[in-house]
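Read the structure below first, then the notes.
The values are calculated or read from the model by the stated rules, or taken from the named source; none is laboratory data. What you see is a predicted model; the values in this text were computed from it and never measured. Cβ placement follows ideal geometry from the backbone for every residue including glycine, while neighbour counts extend to all protein chains displayed.
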């Protein structure tokens with residue numbers, strides 16, 4: 001029982017992180033905190049993907065001096081790498097937009113800057 | 001020629017991607033040359049799309065394996081599953097490709113004059129081409145992770161384009177909203193892809209569809225995928241971003257964003273019909289999509305009634321029209337396993353929904369271009385401050401009326417052709433849905449009549465007396481949409497036979513999509 005719990009711990013962590021991120025995105029009004037929420041969300045998805053890629057007893061697919069045994073097909077690791085790169089681009093763009101909004105409105109509170117309701 | 005068509009699916013994505021990064025270099029040397037290169041490359045892409053469409057409709061599904069020794073080798077020797085990225089183009093994909101190509105050409109022609117006074121035009125065209133490449137990629141790919149990557153390319157460049165005019169505070173907020181919504185939606189898509197990969201070790205849509213079991217995890221993945229894509233296309237519980245972003249973006253970008261939203265609609269169709277197919281609880285999922293559709297229609301049109309900003313009014317009308325497509329798709333999905341019902345009205349409902357996708361892109365695009373033309377000349381989007389513009393902007397007024405009538409589904413225009421397909425087939429499924437649909441169309445007409453009369457008719461306001469018609473490039477862009485709307489309205493039968501019917505068959509026939517990938521296993 002404790003063995004499976006420890007084995008599944010990264011999955012639990014990913015889901016908890018996702019919950020925190022969604023809470024921030026829904027209930028927080030500060031624009032910087034929304035950016036942090038998105039970053040946490042992407043980290044939780046990345047953690048989930050990397051955890052999927054772990055195979056007990058498999059070895060890393062590096063052919064130089066590889067020991068005997070089955071190699072892991074590194075699809076998920078490749079996905080995570082791509083996803084990290086995309087997340088960097090997203091947060092760079094989103095932060096530059098936050099700076100622009102701050103210059104226009106002088107505030108980071110989404111309630112104050114939101115002039116387009118309804 | 002045969003080689004060109006063989007490689008066309010990757011060229012259609014690669015050419016805009018390559019030209020995107022060349023435009024700043026060319027633009028530094030010569031602005032005219034840059035415009036020529038951008039338009040020339042898009043015309044060449046349009047030629048490739050139509051050639052590919054003809055080939056796909058006549059000869060069946062076209063697959064292209066990236067990095068393989070031969071481009072149609074979907075499964076490499078020595079393995080039992082597709083490990084490479086595969087582009088798979090079938091009837092629905094080329095149909096969406098045709099929409100994207102028409103819309104992108106019009107958007108670029110319109111931008112030539114609409115963006116003339118702006119700074120940083122070289123980067124504008126780079127982002128524009130990236131958005132086009134991302135949208136093409138979304139509709140042509142046969143790989144789930146690739147779909148996510150192209151979704152992100154389209155979202156990031158789209159958000160940057162919405163916020164392009166940095167002097168407007170509301171564009172910055174619109175861009176912020178768009179990127180937040182897109183980032184959440186695409187990360188949830190990635191999470192769902194992870195759930196599917198965890199069970200089947202596959203990312204290819206065709207191979208996954210062959211293996212899928214509809215376990216508990218698959219249901220969770222389905223819920224996440226449907227909600228993420230409904231969020232991206234502006235279905236009702238998550239529609240609030242759409243009016244805020246569509247109304248503040250440069251209009252040529254709004255037109256492309258409509259195409260990008262339609263690509264999300266395509267992804268939704270792919271997920272429901274091809275990936276899950278008949279393993280779904282068809283009635284339940286079908287009714288959920290119908291419910292989202294009905295809500296979108298109703299809330300979209302009622303919110304449109306109280307808008308005074310002309311672009312927001314059209315944006316809420318977009319929500320409403322998306323509802324029509326969702327209802328058609330939902331009805332088709334609900335009867336997918338019932339052979340007689342599918343033959344009598346199911347396929348008609350799906351055809352209507354698919355036909356409405358292209359009509360929607362055309363008439364909403366035209367309406368947004370008209371709104372942009374008005375803003376270009378008088379600098380306001382508030383309907384109450386317009387008046388008598390029809391005296392001086394005759395073409396613009398005529399185009400607005402054309403778009404409005406097509407959008408409300410009046411007979412000689414294309415909106416009628418697709419709405420009648422949806423009405424008559426949905427009536428056999430459940431009459432109440434059709435009654436709601438007709439009611440919503442009537443309210444849409446009322447909304448547009450009000451907007452038309454207060455903006456274009458009446459006495460010419462003194463402050464607008466020296467307003468002229470918009471530049472020729474803008475008129476040309478609007479004319480392209482208007483001509484296609486009239487042709488589609490006059491000959492709907494031909495269009496349905498040529499492009500809509502193959503798309504419907506491709507959606508309903510899940511096995512041919514699967515066989516194109518895994519059927520070659522020895």
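Results for (1) without any contact (Cβ under 8 Å) to a residue 24 or more places away in the chain; (2) touching a helix residue (DSSP H, G or I) at 6+ places or on another chain (Cβ under 6 Å); (3) over 30 Å from residue B:144 (Cβ atoms), shown as yes or no for each residue.
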{"site": "A:40", "(1), (2), (3)": "yes, yes, no"}
{"site": "A:49", "(1), (2), (3)": "no, yes, no"}
{"site": "A:53", "(1), (2), (3)": "no, yes, no"}
{"site": "A:61", "(1), (2), (3)": "yes, no, no"}
{"site": "A:65", "(1), (2), (3)": "yes, no, yes"}
{"site": "A:72", "(1), (2), (3)": "yes, no, no"}
{"site": "A:77", "(1), (2), (3)": "no, no, no"}
{"site": "A:94", "(1), (2), (3)": "no, yes, no"}
{"site": "A:100", "(1), (2), (3)": "yes, yes, yes"}
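Mind telling me which of the residues B:24, B:82 ends up being in contact with a strand residue (DSSP E or B) (Cβ under 7 Å, 6 or more places away or on another chain) and surrounded by 14 or more Cβ atoms within 10 Å (Cβ to Cβ)? Lay out the reasoning, then the answer.
On the way: B:24 fails: in contact with a strand residue (DSSP E or B) (Cβ under 7 Å, 6 or more places away or on another chain).
The match here is B:82.
Applying the selection to the stretch B:267-279, what residues are buried (at least 24 other Cβ atoms within 10 Å of the Cβ) and under 19 Å from residue B:183 (Cα atoms)?
Residue satisfying the conditions is B:267 alone.
Against the condition closer than 22 Å to residue B:102 by Cα and surrounded by 23 or more Cβ atoms within 10 Å (Cβ to Cβ), how does residue B:207 come out, does it pass?
So residue B:207 does not fit the description; no.
With the condition being under 18 Å from the mean Cα position of the chain (by Cα) and either within 14 Å of another protein chain (Cβ to nearest Cβ) or at pLDDT 90 or above (or both), I'd like the helices (runs of 4 or more DSSP H) fully within the stretch B:192-265 carrying at least 1 qualifying residues.
Values: elements: B:205-211, B:216-233, B:240-246.
Counting at least 1 such residues, we get B:216-233, B:240-246.
Hey, among the residues in the stretch B:148-166 that are facing chain A (nearest Cβ under 9 Å) and over 18 Å from the mean Cα position of the chain (by Cα), which one's farthest from residue B:64 (Cα to Cα)?
Looking only at the stretch B:148-166, we keep the residues that are facing chain A (nearest Cβ under 9 Å), and these are B:148-149, B:152-153, B:155-156, B:159-160, B:163, B:166.
Restricting the remaining residues to those that are over 18 Å from the mean Cα position of the chain (by Cα) gives B:160, B:163, B:166.
Details: B:160: 31, B:163: 36, B:166: 41 Å.
The residue in question is B:166.
Taking residue A:99, is it modelled with pLDDT of 80 or more, away from chain B (no Cβ under 11 Å), surrounded by fewer than 16 Cβ atoms within 10 Å (Cβ to Cβ) and part of a helix (DSSP H, G or I)?
Taking the combined requirement at face value, the residue does not satisfy it.
How many residues does the stretch B:393-407 contain that are in contact (Cβ under 8 Å) with a residue 60 or more places away in the chain, surrounded by fewer than 19 Cβ atoms within 10 Å (Cβ to Cβ) and in contact with a helix residue (DSSP H, G or I) (Cβ under 7 Å, 6 or more places away or on another chain)?
Number satisfying all stated conditions: 1.
Given the condition surrounded by 24 or more Cβ atoms within 10 Å (Cβ to Cβ) and either under 14 Å from residue B:330 (Cβ atoms) or out of contact with any strand residue (DSSP E or B) (no Cβ under 9 Å at 6 or more places or on another chain) (or both), answer yes or no: does some residue in the stretch B:280-288 qualify? Working first, answer last.
Keep residues of the stretch B:280-288 that are surrounded by 24 or more Cβ atoms within 10 Å (Cβ to Cβ), which gives none.
No, the stretch B:280-288 contains no residue that is surrounded by 24 or more Cβ atoms within 10 Å (Cβ to Cβ) and either under 14 Å from residue B:330 (Cβ atoms) or out of contact with any strand residue (DSSP E or B) (no Cβ under 9 Å at 6 or more places or on another chain) (or both).
For the stretch A:48-67, state whether one or more residues are modelled with pLDDT under 85, within 10 Å of another protein chain (Cβ to nearest Cβ) and over 30 Å from residue B:82 (Cα atoms).
Going residue by residue through the stretch A:48-67, those that are modelled with pLDDT under 85 are A:53-67.
Then drop every residue that is not within 10 Å of another protein chain (Cβ to nearest Cβ), which leaves A:53.
Checking which are over 30 Å from residue B:82 (Cα atoms) leaves us with none.
Checked against the condition, which is being modelled with pLDDT under 85, within 10 Å of another protein chain (Cβ to nearest Cβ) and over 30 Å from residue B:82 (Cα atoms), the stretch A:48-67 yields no hits at all.
Just to check your reading of the model, which residue among B:176, B:136, B:145 is buried (at least 24 other Cβ atoms within 10 Å of the Cβ), within 9 Å of chain A (Cβ to nearest Cβ) and in a helix (DSSP H, G or I)?
Details: B:136 fails: within 9 Å of chain A (Cβ to nearest Cβ); B:145 fails: buried (at least 24 other Cβ atoms within 10 Å of the Cβ).
Of the residues listed, the single one that is buried (at least 24 other Cβ atoms within 10 Å of the Cβ), within 9 Å of chain A (Cβ to nearest Cβ) and in a helix (DSSP H, G or I) is B:176.
In the stretch B:57-100, how many residues are over 19 Å from residue B:139 (Cα atoms) and part of a strand (DSSP E or B)?
Of the residues in that region, 0 qualify.
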